[in-house]
1. Taking the range 134-152 on its own, how many of its residues are part of a helix (DSSP H, G or I), at pLDDT 90 or above and open to solvent by 20 Å² or more (accessible area, probe 1.4 Å)?
2. On the given criteria, is residue 124 on the phi < 0 side of the Ramachandran plot, outside any helix (DSSP H, G or I), touching a residue at least 12 places away in the same chain (Cβ under 8 Å) and not polar (S, T, N, Q)?
3. Pairs needed: first member in the range 66-85, over 15 Å from residue 133 (Cα atoms) and open to solvent by less than 100 Å² (accessible area, probe 1.4 Å); second member anywhere, modelled with pLDDT of 80 or more and of a type in the set (S, T, N, Q); C-beta distance under 9 Å; at least 6 residues apart or different chains.
4. Of all the residues that make up the range 104-115, how many are in contact with a His (Cβ under 8 Å, 6 or more places away or on another chain) and under 20 Å from residue 156 (Cα atoms)?
5. Looking only at helices (runs of 4 or more DSSP H) that fall completely inside the range 1-111, which ones have 3 or more residues that are at pLDDT 75 or above and under 13 Å from the mean Cα position of the chain (by Cα)?
Amino acid sequence: MGYDDRLAEYIACRHGALRRSAYLLCGDVHQADDLVQSTLVKVMLAHRRLERIDSIDAYARRTMHSTFISSRRRLWHRERPHAQMPDTSTRVPDVDLGLSVRAALQLLPARQRAVVVLRFWEDLSVQGTADVLRISEGTVKSHTSRAMATLRTALGEAIVDLPGTTEPQIGALT
């Protein structure tokens with residue numbers, strides 16, 4: 001199987017997982033779609049430029065989180081909020097806890113949100129998260145600690161410390 005075939009297979013298989021992670025980062029379906037699209041374009045262009053990427057998944061994850069953090073540094077955004085929402089079809093409502101967790105995630109700064117998504121949604125280790133975000137392990141730990149304190153305050157009992165684990169777990173991210 002050639003590298004182009006591997007890339008196409010990766011996109012077909014992992015698009016949904018990237019989209020879910022992007023949604024947790026952005027908090028908006030449309031922004032998540034844009035983030036995934038930008039990420040996949042960058043991965044495809046890097047493939048052409050670099051000839052070969054050892055781990056497409058690791059490169060895509062790093063690219064997505066870097067793109068997200070960079071987009072939050074800008075002082076302007078392409079879209080502007082409006083006072084009234086346009087007429088749209090109704091969606092099936094999510095579970096209240098899921099909505100609360102997603103809203104609480106939006107309270108976090110971009111880098112803390114990226115750390116929480118990588119650590120607890122994508123289940124990466126401290127070292128793996130540090131590698132993806134290109135920061136030290138100590139920074140990952142401090143961002144995790146600050147983010148979890150903010151989430152505990154915002155969610156109250158929704159975050160549970162499970163017995164036998166050293167790190168808190170977020171109840172019902174989905």
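1. 10
2. Numbers: on the phi < 0 side of the Ramachandran plot: yes; outside any helix (DSSP H, G or I): yes; touching a residue at least 12 places away in the same chain (Cβ under 8 Å): no; not polar (S, T, N, Q): yes.
Against the criterion (on the phi < 0 side of the Ramachandran plot, outside any helix (DSSP H, G or I), touching a residue at least 12 places away in the same chain (Cβ under 8 Å) and not polar (S, T, N, Q)), residue 124 does not qualify.
3. Qualifying pairs under 9 Å: 77/71.
4. In the first step, residues of the range 104-115 are kept if they are in contact with a His (Cβ under 8 Å, 6 or more places away or on another chain); the result is 111-112, 114-115.
Then drop every residue that is not under 20 Å from residue 156 (Cα atoms), which leaves 112.
Qualifying residue count for the region: 1.
5. Values: elements: 3-26, 29-50, 56-73, 96-105.
Counting at least 3 such residues, we get 3-26, 29-50, 56-73.
The values are calculated or read from the model by the stated rules, or taken from the named source; none is laboratory data. Keep in mind it's a predicted model, so treat the numbers as computed, not measured. Counting neighbours? That spans all protein chains shown, and the Cβs are built from the backbone with ideal geometry, glycine included. Protein only, heavy atoms only, side chains kept; ligands, DNA and RNA dropped before computing areas. Shrake-Rupley method; radii C 1.70, N 1.55, O 1.52, S 1.80 Å.
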